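The next block holds one structure in the form of structure tokens; read it before the comments.
The values are calculated or read from the model by the stated rules, or taken from the named source; none is laboratory data. Remember, it's a predicted structure, so these values are computed and weren't measured experimentally. Using ideal geometry, Cβ is built from the backbone for each residue, glycine included, and neighbour counts are taken over all protein chains shown. Surface areas here come from the heavy atoms of the whole protein model, side chains and all, with no ligands, DNA or RNA. Shrake-Rupley method; radii C 1.70, N 1.55, O 1.52, S 1.80 Å.
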Amino acid sequence: MLAIDPPAPVFAASAVVTRAAKADTGAPALAVNPQGQVLVAWRDARDRVIVRAGASGRTRVAGRTEWGGSATAALRADGFAAVLYLHQPLRGGRRTLEVATARPGRAFSRPRKLVSVVASVGAYQVFAAGDRFVAVWSLAKAVRYAVSDTAGRFGPARTLARVDGEAQVSAAADASGTVLVAFRTPVLDGGETTYATLAPTADRFGAPRVLAGTENSTPRAYGGPGGAAVGFQHDDAVSLVLAGAESRPIATVRSGPDDPEDLTSFYAPVLALRGPGATVAAWAIGRFPYGDAEFPTTGNLQAAQEQPDGSFSNPTRLSARYVESVGAVATSTTAVITWREKRRYRYSLNLAPALTLTASGDELNVAAAGEHVVAAWTSGRTIRLARVG
């Protein structure tokens with residue numbers, strides 16, 4: 001009997017979600033739950049936040065921004081949805097972070113104001129954390145959050161930590177419902193790279209933990225079946241730390257033999273957390289033709305896989321070009337790394353040879369839950385959606 005291996009999974013052909021998104025609105029908000037239900041949200045030409053169930057499901061209005069950034073979305077296992085967005089009047093004034101929720105098949109609730117300030121609001125995200133939602137955002141000098149009950153009603157906003165005005169706040173949720181927030185404390189106080197976690201049954205974050213104290217350390221948070229972790233760069237190394245564990249190096253990044261050190265740049269790694277001991281990490285390297293160049297002209301994308309002893313394999317080169325917008329998500333069996341080469345978006349599954357997802361994308365978002373992976377991207381005013389499998 002002839003045995004034939006099943007074909008490796010790839011992203012299937014894409015479907016159009018809408019052709020009426022607002023131009024230059026950024027990546028569409030995207031969420032998927034373990035049952036494979038998908039939620040896509042975007043701003044239309046009237047600055048409404050529009051939500052659709054997959055590529056062909058029901059379309060609903062979640063709120064109105066007037067002027068603001070992209071929305072972010074979350075979808076619980078029971079189909080309960082949440083959409084978080086920033087409302088800012090066209091003539092200026094207070095910026096209001098609002099969240100709307102919807103039971104399966106129902107209209108969205110009246111938006112709830114989480115914060116209304118004159119200062120800027122950034123890094124806002126909402127996560128499905130078990131049978132509730134958690135919203136996280138940053139202000140000029142603080143990281144704040146709010147937690148909902150099972151009915152989607154959000155409690156009061158609380159302050160997690162003080163941060164530097166230029167801090168890169170990053171947040172993620174893992175498959176267990178743990179939410180992790182990574183950030184840097186004020187530079188004048190030492191600029192420590194720090195993270196804090198919210199346990200699945202807790203209503204307050206635990207005390208922040210310090211990862212590194214150097215100024216060039218940049219944190220990025222990720223979650224998946226393998227838990228919640230922070231990837232960060234420190235001196236000439238890319239490293240990670242699983243929540244509650246010790247820091248581990250992934251690889252050392254060095255400049256070419258004929259280049260001075262300051263002509264090479266690299267970034268905090270993205271992490272695809274498939275399961276315990278099965279993390280895949282990827283990081284982009286850029287090389288500058290001369291010291292005062294604004295952007296790298298050459299570079300590559302490298303990735304490594306966690307080994308049984310906790311170390312990482314020698315790097316594999318996924319791209320021999322300078323790349324941008326590197327991302328990662330994971331199921332228990334598949335690590336998905338995505339990146340942009342010029343206008344092309346490409347991807348690799350479990351360090352397999354790279355494939356092209358779209359040859360003309362503006363902004364891309366990828367989400368995973370259970371064994372489901374979906375990608376959504378904008379091209380002009382069109383949003384497309386594709387699934388792995």
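Can you work out the accessible area per residue across the chain, with the rest of the protein chains kept in place, probe 1.4 Å, in square angstrom?
Working: 17340 Å² over 389 residues.
I get 45 Å² per residue for this part.
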(request) Once you have all Cα-Cα distances for the chain, histogram them in 20 Å bins from zero and send the whole-percent values. (result) 28, 61, 11, 0
(message) Charges on Cβ only, +1 for Lys and Arg, -1 for Asp and Glu, centred on the Cα centroid of segment 38-147; of Gly93, Ala107, Ile50, which one is farthest towards the dipole's positive end?
(response) Gly93
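With the cut-off at 15 Å, report for segment 276-329 the share of all Cα pairs above it, as a whole percent.
On the way: 775 of 1431 pairs.
Summing the P(r) of segment 276-329 above 15 Å gives 54 percent of all pairs.
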(request) Using R₀ = 22 Å, calculate the FRET efficiency as 1/(1 + (r/R₀)^6) where r is the Cβ-Cβ separation of Arg317 and Val210; round to 0.05. (result) 0.10
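Tell me whether segment 219-361 comes out rounded, prolate or oblate; compute the Cα gyration tensor, take square roots of the eigenvalues as a ≥ b ≥ c, and use a/c under 1.5 as the rounded threshold. Display every interim value, and only then the final one.
Details: a/c = 2.05, a/b = 1.29, b/c = 1.59.
Cα axes put segment 219-361 in the oblate bin.
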(request) May I ask for the percentage of alpha-carbon pairs in segment 76-203 that lie more than 22 Å from each other? (result) 37
(message) Could you tell me how many cubic angstrom of Cα convex hull volume segment 317-389 has per residue?
(response) 79
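Provide the three semi-axes, in whole Å and in decreasing order, of the ellipsoid equivalent to segment 1-142 as defined by the square roots of 5 times the Cα gyration tensor eigenvalues.
Values: eigenvalues 196, 59, 45 Å².
For segment 1-142, the ellipsoid semi-axes come out as 31, 17, 15 Å.
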(request) Compute the signed sum of charges (Lys and Arg +1, Asp and Glu -1) over the other residues within less than 14 Å, Cβ to Cβ, of Thr72. (result) -1
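Give me Rg over Rh for segment 128-207, both radii from the alpha carbons and Rh done the Kirkwood way, two decimal places. Working shown, then result.
Working: Rg = 12.7 Å, Rh = 12.9 Å.
Reported Rg/Rh, Kirkwood definition of Rh: 0.99.
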(message) Among Gly380, Thr331, Leu351, whose Cα projects farthest towards the positive end of the dipole of the chain, with charges put on the beta-carbon of Lys, Arg (+1) and Asp, Glu (-1)?
(response) Gly380
(message) Using the Cα centre of the chain as origin and beta-carbon charges of +1 (Lys, Arg) and -1 (Asp, Glu), tell me which of Thr218, Ala29, Ala281 is placed farthest towards the positive end of the dipole.
(response) Ala29
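Counting Lys and Arg as +1 and Asp and Glu as -1, each charge on the Cβ, what is the dipole of segment 333-389 about the Cα centre in debye, to the nearest 20? Each step should come with its number before you reach the end.
On the way: 8 positive and 4 negative charges, 50 e Å.
Here segment 333-389 has a charge dipole of around 240 debye.
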(request) Express in whole angstrom the spacing between the alpha-carbon centres of segment 265-282 and segment 335-389. (result) 17
(message) Please give me the summed charge of the neighbours of Arg274: other residues whose Cβ is under 15 Å from its Cβ, Lys and Arg +1, Asp and Glu -1.
(response) -3
(request) Take Glu371, project a point 7 Å from its Cα along the Cβ direction, then tell me which residues of segment 217-232 have their backbone nitrogen under 17 Å from it. (result) 225-226
(message) Can you tell me which of Pro276, Pro219, Pro28 moves the most in a GNM of the chain? Springs connect C-alpha atoms under 10 Å apart.
(response) Pro276
(request) Net charge near Ala21: determine it from the other residues with C-beta under 13 Å of the C-beta of Ala21, scoring Lys and Arg +1 and Asp and Glu -1. (result) +3
(message) Between Pro308, Pro200, Pro296, where does the largest GNM mean-square fluctuation fall for the chain, given springs only between Cα atoms within less than 10 Å?
(response) Pro308
(request) Treating only the Cβ atoms of Lys and Arg (+1) and Asp and Glu (-1) as charged, compute the dipole magnitude of segment 140-211 about its Cα centre; round to the nearest 20 debye. (result) 180
(message) Using a Gaussian network model on the chain with a 10 Å cutoff between Cα atoms, which of Gly152, Gly57, Gly130 fluctuates the most?
(response) Gly57
(request) Assign unit charges at the C-beta atoms only (+1 for Lys and Arg, -1 for Asp and Glu), then state the dipole size of the chain relative to its Cα centre in Debye, rounded to the nearest 20. (result) 2160
